[in-house]
Amino acid sequence: MEPVEIIEGCVSHLPRADVDTDQIIPKQFLKRVERTGFGEYLFYDWIRDGEIELEPNPILVAGPNFGCGSSREHAPWALQDFGFEAIIAPSFADIFYGNCMKIGLLAVILGERDCRAIAEAGAARIDLDDQTVDFAGGVLRFEIDEQAKHRLRHGLDDIGITLQSAAAIDAFEAAAPARGADTRSL
Amino acid sequence: MFDKIWDAHEVAEGLIYIDLHLVHEVTSPQAFDGLRLEGRGVRRPDRTIATADHNVPTDGTMAARLIADELSRVQVETLERNCEEFSVPIHSLGSDDQGIVHVIGPELGLTQPGLTIVCGDSHTSTHGAFGALAFGIGTSEVEHVLATQCLVQRRPQTMRIAYTGELGAGVTAKDLILATIGRLGTRGMVGHAVEYAGETIAGLSMENRMTICNMTIEGGGRAGMIAPDETTFAWIEGRRAAPAELEAAVATWRELPSDDEAAFGTEVEIDAASLSPMVTWGTNPGQVVEVTEAVPEPTTETEERALRYMDLEPGRAMQEIALDRVFIGSCTNSRIGDLREAASMVEGHRVADTLTAMVVPGSARVKAQAEAEGLDEVFRAAGFDWRSAGCSMCLGMNPDILSPGERCASTSNRNFEGRQGKGGRTHLVSPKMAAAAAIEGRFVDIREWE
């Protein structure tokens, strides 16, 4: 994962609430076994039907509860592959938010009015260190989990970090009573 | 209950140990690729299990190599290869234990109280019906769990929804959860682990409890949970993965329910006795009304768009809406109890000649059980198409899809635009409501039907 520091540039706007991952990347494109190349299918039906137009800018401003529904990580893959480096929205669905953070797609939560103002400004500069969004209308601060920020900032491999705790996992397994059944015994 | 399970699984702060990892073909190939790239293995194949469900055809195709759609075939074959390479047990197409991942976990007895359970699928919340902490994850997290058996997680907030009273005749668990989401909205549970409690829940079967927990994600919730009780223990007893020392296990499971003084971030109370059969009218599960109501006046741009997509006008009675298709199946409503409920409505009737209807059992074992009980004959005699196990028309990743403009009464969980096929229009209902709608060709209030 690429480290995230400054994300700067024009803003695309999708002012819709409750955009689900079925719209972001329709099911027929989930059959690929590769991790790349999903960008051209982003919002496939909406774009093809002329319902929306989206420029592949660095920043997407979206509506509340963005990314609800299916857990498919193909949705953040498609957004990132299309060109977005950050998404700003009033709120995100839980699984989608986690998925974005895992792949270095910065998800920024700001109030609905702030989101609209940034979209109207048309360009912004996001500074992860300072946790700020700088645009023509001012400078706004956003909140982000410290641990998630650290991983994003340094482009760290989550699994590598957890494996550094291998001894703790070993100890946990040794100490805890066996839970659940052996799936191989069925 | 949530705190007890979370605290018992915290390896380090924010690092949770996972007891059971369910894997399917769609969200796993890139995760196995990641392991290969880094030279990593699967830490606990004995706590991992795979099946093929999302894109398997339900026409009786009995092996991955026989799947006609090339991309689907490749994905299922890739899963089989990955499982072999990493020694992960798999029940693929053709196996007696194949089925929808959230149906086979409980069916095998793998889903047990107190466990942490994850799967690369948002409907993993289903397993919380057993008093487990279960939630959906993305592919990066699938890879993380395969490699470490742990997950980096932020502790969610807690919510308890307490239901009072008994559900009326013809009102089911599906109606209860649809009504709940209708009241709280599709964002009402975001960031929360939700415990469904109260006398109403205690009186429900495990299958009904699974239906409720299954749709937690449609309210935005991270996990849905129900306290384990005698009903839970009776389900597990005798299943293949049940603990050898069942009594000892049950004794520890009895410690799990929330204490009387447990505090929740949010508390909600719902009078279950006043609920009615529900039907969605829009393009998210929160856009729902009672079957006796009419399509509501839109109050937001989102609702206006939903009505346009659904080709409905405000004021139209839900019972006047004519249907083209009926789908009974999905991880929400495809267990033997669901099929029995649907069959009870169908017996002695014929499917309306204006529509086609299908029943898709949730697993190969549910199918075999239903056939042993003669339910397949009931459905076939009425004109339903009786299919083989899979996710089928819930998400249209296999040949079972709606054509543009077709209107479907569906027992699945999502009525999103295009979910069941591009341009398809989905109305979510209970199995009983779907069955009656198939007979009448439109929605009916099953409390007054016949």
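Read-outs: derived from the displayed coordinates by stated rules, not from any lab. All values reported here derive from a predicted model rather than from experimental measurement. Glycine gets a Cβ as well: all are built from the backbone with ideal geometry, and neighbour counts include every protein chain shown.
Hey, got the dipole for the protein assembly as shown? About the Cα centre, +1 on K and R Cβ, -1 on D and E Cβ, debye to the nearest 20?
Here the size comes out at about 820 debye.
Per-residue HN-Hα couplings for segment A:75-82, Karplus 6.51 cos²θ - 1.76 cosθ + 1.60 at θ = phi - 60°, whole Hz, x for Gly and Pro?
The phi angles translate into 5, x, 4, 5, 4, 5, 5, 5 Hz.
Once amide H atoms are built 1.01 Å from N in the peptide plane, which residues 5 or more positions from B:Gly168, or in another chain, come under 5 Å H to H?
Amide H neighbours of B:Gly168: B:Leu275.
Tell me, what is a quarter of the convex hull surface for the C-alpha atoms of chain B, in nm² with one decimal?
Across all orientations, chain B yields a mean hull projection of 20.5 nm².
From other protein chains only, count the Cβ atoms within 10 Å of every residue's Cβ in A:68-81, then give the mean.
6
Name the long-range amide H neighbours of A:Ala107: under 5 Å, sequence gap of 5 or more, or other chain; modelled H, no Pro or chain starts.
Close amide H contacts, sequence-distant or interchain: A:Ile87.
With label points built 7 Å along Cα→Cβ from the Cα atoms of B:Leu246 and A:Glu55, find their separation and express it in nm.
Here the answer is 6.6 nm between the modelled labels.
Evaluate peptide B:41-51: per residue, the Cβ atoms of other protein chains within 10 Å of its Cβ; return the mean as an integer.
Mean number of neighbouring Cβ atoms from other chains: 3.
As a test of understanding, state the convex hull volume per residue of the protein assembly as shown from its alpha carbons, in Å³.
Per-residue hull volume (Cα only) is 139 Å³.
When the Karplus curve 6.51 cos²θ - 1.76 cosθ + 1.60 is applied with θ = phi - 60°, which whole-Hz ³J(HN,Hα) does each residue of segment B:2-15 get, with x for Gly and Pro?
Values, residue by residue: 4, 4, 4, 6, 4, 4, 6, 10, 7, 6, 8, 4, x, 10 Hz.
Name the residues whose placed amide hydrogens come within less than 5 Å of the amide hydrogen of B:Val11, ignoring near sequence neighbours (fewer than 5 apart) on the same chain.
Answer set, sorted by chain and number: B:Ile16, B:Tyr17.
Any idea what the relative contact order of segment A:6-175 is, in percent, if you count C-alpha pairs under 8 Å spaced at least 6 apart?
Result for segment A:6-175 is 22 percent.
For chain B, modelled as a Gaussian network with Cα springs under 10 Å, which listed residue fluctuates most, B:Glu303, B:Glu84, B:Glu261?
Maximum among the listed residues: B:Glu261.
Return the sequence-ordered ³J(HN,Hα) values of segment A:39-49 in whole Hz as given by the Karplus equation 6.51 cos²θ - 1.76 cosθ + 1.60 applied to θ = phi - 60°, using x for Gly and Pro.
Once rounded to whole Hz, the list reads x, 5, 9, 4, 6, 3, 6, 5, 6, 5, 7.
In deg cm²/dmol, rounded to 500, what helix-only [θ] at 222 nm does the protein assembly as shown give when every DSSP H run of at least 4 residues adds -39500 (n - 2.57) and the total is split over its residues?
Per the formula, -9000 deg cm²/dmol.
Please provide three numbers in whole Å: the alpha-carbon extents of segment A:6-175 along the principal axes, with the largest listed first.
The Cα atoms of segment A:6-175 stretch 56, 41, 23 Å along their principal axes.
How many partner chain Cβ atoms sit within 10 Å of a residue's Cβ in peptide A:155-163, on average, as a whole number?
6
Which of the peptides B:396-406, B:7-17, A:78-88 is most tightly packed, and how do the rest follow, going by the mean number of other Cβ atoms within 10 Å of each residue?
Result, highest mean Cβ count within 10 Å first: A:78-88, B:396-406, B:7-17.
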